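One structure is given below, encoded as structure tokens.
The values are calculated or read from the model by the stated rules, or taken from the named source; none is laboratory data. It should be emphasised that the depicted structure is a prediction, and the values quoted were computed from it without experimental measurement. Positions of Cβ are backbone-derived with ideal geometry, glycine not excepted, and every protein chain shown enters the neighbour counts. Surface accessibility is based on the protein's heavy atoms, side chains included, excluding ligands, DNA and RNA. Shrake-Rupley method; radii C 1.70, N 1.55, O 1.52, S 1.80 Å.
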Amino acid sequence: MLSHLDSNQNPTMVHVGAKAHTERKAVASGQISMSAKAYDAIVGQKIKKGPVLQTAIIAAIMGAKQTSSLIPLCHPLSLSSVQVEVQELKDLCAFKLFVSVTHTGQTGVEMEALMGVSVGLLTIYDMAKAVDKGMVMGDVRLESKSGGKSGDYERP
């Protein structure tokens, strides 16, 4: 039986109460590419809505914290830490976000890291769409996870 279905095949939240509290960590990443004009406007802080990358960092943190409100059957978690790194990829006219989430508990934080990346990228799009509506977000993925019953994972 799948863990999110009960004996009647109805959705259910997985019971994690018997699982040990362990330190969990997950890192996710994603990228947004755009025109040179939009990239230069963001780097030069010329976007009228304000400082795009700093706002995206705050949005990524908020997204990670709100994951259980948006993803059905996701457990609400008390996060220990959310760290966001933005890489400027000048040659590609792109930005890559890395979101690292930690907490000590009974379930992992992969969804929180992935949600943080997604919300951070969407924030960049929202703030710069007046300059470039053709921006492309993608390659959102889990880079690594540690802790928990399923073991560690590191993207090759």
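A compact table of results
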| read-out | value |
| --- | --- |
| Verdict on THR102 being assigned to a loop (DSSP other than H, G, I, E, B), in contact (Cβ under 8 Å) with a residue 60 or more places away in the chain, of a type in the set (S, T, N, Q) and under 30 Å from SER150 (Cα atoms) | no |
| Single residue of the stretch 105-124 satisfying the filter (polar (S, T, N, Q) and either buried (at least 24 other Cβ atoms within 10 Å of the Cβ) or assigned to a helix (DSSP H, G or I) (or both)) that is nearest to the chain's Cα centre (by Cα) | SER118 |
| Filter result for GLU85 (farther than 30 Å from THR12 by Cβ, among the acidic types (Asp, Glu), over 15 Å from the mean Cα position of the chain (by Cα) and open to solvent by 80 Å² or more (accessible area, probe 1.4 Å)) | no |
| Subset of the stretch 68-80 (residues that are more than 13 Å from the chain's Cα centre (by Cα), open to solvent by less than 90 Å² (accessible area, probe 1.4 Å) and touching a residue at least 12 places away in the same chain (Cβ under 8 Å)) | LEU73, CYS74, HIS75, LEU77, LEU79, SER80 |
| Matching option when the condition is in contact (Cβ under 8 Å) with a residue 24 or more places away in the chain, surrounded by 12 or more Cβ atoms within 10 Å (Cβ to Cβ), farther than 22 Å from LYS149 by Cα and not β-branched (Val, Ile, Thr), among LYS65, LYS19, LYS25, LYS48 | LYS65 |
| Qualifying residue in the stretch 59-71 (condition: under 26 Å from THR22 (Cα atoms) and assigned to a loop (DSSP other than H, G, I, E, B)) | yes |
| Any hit, the stretch 28-36, residues being of a type in the set (Gly, Ala, Ser), open to solvent by 50 Å² or more (accessible area, probe 1.4 Å) and touching a residue at least 40 places away in the same chain (Cβ under 8 Å) | yes |
